[in-house]
Amino acid sequence: MIGYRRYGHNETDDPETTQPIVYDKVKNHPTVSHLYQDQLKQESVIDDASITSIRDGVTNKLKEAYDQMKKNEVHEYYQRKISEPEAVTITPTAVPLENLRSINADLLKWPENFNVYPKLQRILQRRSTSLNEGEKVDWSLAETLAFATILADGKPIRISGQDAERATFAHRNLVLHDSENGAKFCPLHHLPQARASFAIYNSPLSEESVVGFEYGYNVYSPDTLVIWEAQFGDFANCAQVIFDQFVSAGRAKWSQKSSLVMLLPHANEGQGPEHTSARLERFLQLCAEDNMTVANLSSASQYFHLLRRQASLTETEDARPLVMMSPKSLIRNPRVASPAVEFSEGKFELVLEQAGLGTQPDRVERIILCSGKIAIDLEDAFEKDKADWSWLHIIRVEQLYPFPAEEIKRILARFSNVKELVWVQEENKNMGAWTYMEPRLREVAPEGTTVRYEGRPEHASPSSGYQLVHSMEQQQIITSALKQTTKNNIPLGR
């Protein structure tokens, strides 16, 4: 096949200035439509009148669509400028405990002759009691229960990623392999409660192509909850063009709605710069006009409810892509696990207050705001230290965008003597959420309150490549964030 470009870079470009001979031939070469209509005329399939009628009909249809698009575009533009965004209607995401227990039991039923890998079988069998009183549900089971209940609601799910079937950190294990013959079995394909399809694929480590495909799949199948998981989260960089051109801007540019979920494993774990940052800051820079949701969670139940909330928004006007900074080590951290009641009675909370703090509001002078793994590190540190923490409170910002200003204001209003708001993060100062959070925190901060940063300094590389250096830096952040000071900023012996 020999192809040619009839115009230059666009319809207004004039390529004859550099290729006069070629474009003299192109200009005089009949178009494909003319060649085709001439062939049809020779075969007496069509006549000139029919050709004119067809051409005019197509032209008019395109013109009407263009005029309507421009009319809608102007209307939507001014609506965004003069109207307050409407509140998102959220379907309840809690699931009755008896339903969860029934589903959990069915997820642990395998074919009689299927040989689950013994080590994995022991891990999975421990889930059988996770919903009992006094027990807790970890991150991986919370995700599986979310998937199962979404299927039971009649919503199809599609998930892909390089190791999506087992997950990068081997916590998901939704496709089991017979340890003797290699046969595969997916419990969600045989779930009695399911009323929709479940598809899961290990995809190539070619982010631009895979994310582009999944975004397109979701746009043309809006009823499906489509999920893409980046390996480690860092391996999303090569899909940046898709995030820029489509995920963040598709709605504003083309009224193209998507509810694509992007799971980006993220945290400073001392694993070196190549396995550290999912570039949270880049996604926050792309946020505007409620174009997507960005979250960094600290509990399994929050993940359960957020997935179910996202599924409830597909096919609605409120459908938005979800950027989820999913955990690494926190997947197996017992502090992240949640009791059954938080699944059967709870909902997704935009912000969470740290349990055990803020019980004497008049004594609180510092409020720490944070997100994700650093919140668990802070909790671990102050619970191990039996000091008097009455001067401190911690707010976990679970949803970063849209920014939960009203929820944070309501919390701050209870603390009349607060002197400083401190944003604590483990990422470098020029990365993570700080540059996004700073102006927003200043807007909600009570008058006279200082807003400051606690975390690593600015760096070009996301993290140190040395575990010892990483550990020292992390401990310094925690120590400094929890150090009480006097009015003159003199440490009080901590």
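The values are calculated or read from the model by the stated rules, or taken from the named source; none is laboratory data. For clarity, every value in this text was computed on a predicted model and none was experimentally measured. Here Cβ is always computed from backbone atoms with ideal geometry, including for glycine, and neighbour counts include all displayed protein chains. Heavy atoms of the whole protein, side chains included, go into the accessibility calculation; ligands, DNA and RNA do not. Shrake-Rupley method; radii C 1.70, N 1.55, O 1.52, S 1.80 Å.
Can you find a residue that is on the phi < 0 side of the Ramachandran plot, aliphatic (A, V, I, L, M), open to solvent by less than 20 Å² (accessible area, probe 1.4 Å) and out of contact with any strand residue (DSSP E or B) (no Cβ under 6 Å at 6 or more places or on another chain) anywhere in region 199-208?
Step one: list which residues in region 199-208 are on the phi < 0 side of the Ramachandran plot, which gives 199-208.
After this cut, where a residue has to be aliphatic (A, V, I, L, M) as well, the list is 199-200, 205.
Okay, now just the ones that are also open to solvent by less than 20 Å² (accessible area, probe 1.4 Å), so 200.
Okay, now just the ones that are also out of contact with any strand residue (DSSP E or B) (no Cβ under 6 Å at 6 or more places or on another chain), so none.
No.
Test each condition in (1) among the hydrophobic types (A, V, I, L, M, F, W, C); (2) open to solvent by 60 Å² or more (accessible area, probe 1.4 Å); (3) under 27 Å from residue 348 (Cα atoms) for residue 472 and report the one that comes out false. For residue 472, the failing item is (3). Given the residues 170, 183, 196, which is the only one that is modelled with pLDDT of 95 or more, within 29 Å of residue 138 (Cα to Cα) and open to solvent by 20 Å² or more (accessible area, probe 1.4 Å)? Going through 170, 183, 196 in turn, the sole match is 196. The residues in region 154-168 that are touching a helix residue (DSSP H, G or I) at 6+ places or on another chain (Cβ under 7 Å) and either aliphatic (A, V, I, L, M) or farther than 25 Å from residue 212 by Cβ (or both) can be counted, and the count is 1.
Hey, among 319, 387, 375, which residue is closer than 26 Å to residue 287 by Cβ, of a type outside the set (Phe, Trp, Tyr) and in a loop (DSSP other than H, G, I, E, B)? So that I can check it myself, show each step before the final result.
Numbers: 387 fails: closer than 26 Å to residue 287 by Cβ; 375 fails: in a loop (DSSP other than H, G, I, E, B).
That would be 319, the only listed residue that is closer than 26 Å to residue 287 by Cβ, of a type outside the set (Phe, Trp, Tyr) and in a loop (DSSP other than H, G, I, E, B).
Listed here are the residues, each with its yes/no results for (1) basic (Lys, Arg); (2) open to solvent by 10 Å² or more (accessible area, probe 1.4 Å).
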{"position": "268", "(1), (2)": "no, no"}
{"position": "271", "(1), (2)": "no, yes"}
{"position": "278", "(1), (2)": "no, no"}
{"position": "287", "(1), (2)": "no, yes"}
{"position": "301", "(1), (2)": "no, no"}
{"position": "305", "(1), (2)": "no, no"}
{"position": "308", "(1), (2)": "yes, yes"}
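Do you know which residues across region 421-465 are in a helix (DSSP H, G or I) and of a type in the set (D, E, K, R)? Working first, answer last.
Quick first cut of region 421-465, residues in a helix (DSSP H, G or I) only: 434-444.
Within region 421-465, 438, 440, 442, 443 meet the criteria.
Within region 436-443, is even one residue hydrophobic (A, V, I, L, M, F, W, C) and buried (at least 20 other Cβ atoms within 10 Å of the Cβ)? Let's see the steps before the verdict.
Initially, region 436-443 is screened for residues hydrophobic (A, V, I, L, M, F, W, C), giving 437, 441.
Now restrict to residues that are buried (at least 20 other Cβ atoms within 10 Å of the Cβ): 437, 441.
Yes, that holds for at least one residue.
Conditions tested, residue by residue: (1) under 30 Å from residue 406 (Cβ atoms); (2) at pLDDT 90 or above.
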{"position": "74", "(1), (2)": "no, no"}
{"position": "93", "(1), (2)": "yes, yes"}
{"position": "105", "(1), (2)": "no, yes"}
{"position": "111", "(1), (2)": "no, yes"}
{"position": "128", "(1), (2)": "no, yes"}
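When region 336-382 is filtered for residues that are open to solvent by 60 Å² or more (accessible area, probe 1.4 Å) and within 30 Å of the chain's Cα centre (by Cα), the ones remaining, listed by number, are 341, 342, 345, 347, 349, 353, 355, 356. Condition first: part of a helix (DSSP H, G or I) and modelled with pLDDT of 95 or more. Can you find one or more residues in region 324-336 that meet it? Looking for residues that are part of a helix (DSSP H, G or I) and modelled with pLDDT of 95 or more, one finds none in region 324-336, hence no.
Just to be sure before I move on: is residue 86 under 30 Å from residue 155 (Cα atoms) and either surrounded by 11 or more Cβ atoms within 10 Å (Cβ to Cβ) or modelled with pLDDT under 90 (or both) in the structure I sent? Quick ask: steps written out before the conclusion?
On the way: under 30 Å from residue 155 (Cα atoms): yes; either surrounded by 11 or more Cβ atoms within 10 Å (Cβ to Cβ) or modelled with pLDDT under 90 (or both): yes.
Judged against the criteria, residue 86 is a match.
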